[in-house]
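The values are calculated or read from the model by the stated rules, or taken from the named source; none is laboratory data. Just so it is clear, the structure is predicted and the values come from calculations on it, not from any experiment. Using ideal geometry, Cβ is built from the backbone for each residue, glycine included, and neighbour counts are taken over all protein chains shown.
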Amino acid sequence: MGTSYKYKRDASRLFIAVRDNGKRYKIYIPRESNPVIDGNEKEIDFIEQDDFQYTFNFNDKQFYCELVSRDQNKAVVIVNGVEYKFSLESIFSYVRRGMISTGDDKSSANNIVAPMPGKIIEICLHEGDLVNAGEPVLTLEAMKMQNEITADCDGVIQKIRVNEGQSVMKDELLVEIQSIDV
């Protein structure tokens, strides 16, 4: 079982790899630990041998990899004699190009609405930030109690529709989140 990993705010290190057969992989390359692929931390050791030729160790096996061609975000690599074609998208280009399903019912389910009337006390994140499922997004005060409102999915904060100190009604749209679950 892999390590459960929380994405940091540094979205520049989160990518979506899309194979030519349509299979998608969410890849996060943190500075402080091993790469995280589809939510599981992987221990991978890369060694560059020559230009565009690499060796890497994964699961006690050694792999030989050669970058055959690269055109913008599209690449062709050969790993142990097998050719793979894929595109590598940053999370922002992935969202912008609409590669994530945006069906009305699914995308609206990711948005945060006020569960009750109240006043926004604190907004914890900014537009463009990555958010993890269960992570606090804002604090809503209702009947002299502070309620932490959390995200329902891993995603990118698209739009914050309220300000601190603002009063809101039940079911009012507070935050729009674009899911990055692939």
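Scanning the stretch 139-148 for residues being more than 12 Å from Leu125 (Cα to Cα) and surrounded by 14 or more Cβ atoms within 10 Å (Cβ to Cβ) gives a total of 4.
Pairs are defined by a Cβ separation below 8 Å, a sequence spacing of at least 6 or placement on different chains, a first member in the stretch 155-182 that is more than 14 Å from Ala142 (Cβ to Cβ) and crowded, with 19+ Cβ neighbours inside 10 Å, and a second member that is modelled with pLDDT under 90 and hydroxyl-bearing (Ser, Thr, Tyr); the pairs so defined are Gly155/Ser179; Gln178/Ser107; Ser179/Ser107; Ile180/Tyr94. Here Glu43 passes the criteria (1) part of a loop (DSSP other than H, G, I, E, B); (2) modelled with pLDDT of 75 or more; (3) within 20 Å of Cys153 (Cα to Cα) except the one numbered (3).
Whenever a residue of the stretch 76-90 is free of Cβ contacts under 8 Å to residues at least 24 places away in the same chain and assigned by TED's automatic domain parsing to the domain that holds Arg19, its partners that are surrounded by fewer than 15 Cβ atoms within 10 Å (Cβ to Cβ) and charged (D, E, K, R), lying with C-beta atoms within less than 8 angstrom and at least six residues away or across chains, give the pairs Val76/Arg70; Val76/Glu83; Val76/Lys85; Val77/Glu83.
Among the residues of the stretch 54-83, those that are charged (D, E, K, R), outside any loop (DSSP other than H, G, I, E, B), modelled with pLDDT under 90 and more than 25 Å from the chain's Cα centre (by Cα) comprise Lys61, Glu66.
Listed by first and then second residue, the pairs linking a residue in the stretch 17-40 that is aliphatic (A, V, I, L, M) to a residue that is exposed (fewer than 12 other Cβ atoms within 10 Å of the Cβ) and at pLDDT 80 or above, with Cβ atoms under 6 Å apart and 6 or more places separating them unless they lie on different chains, form an empty list.
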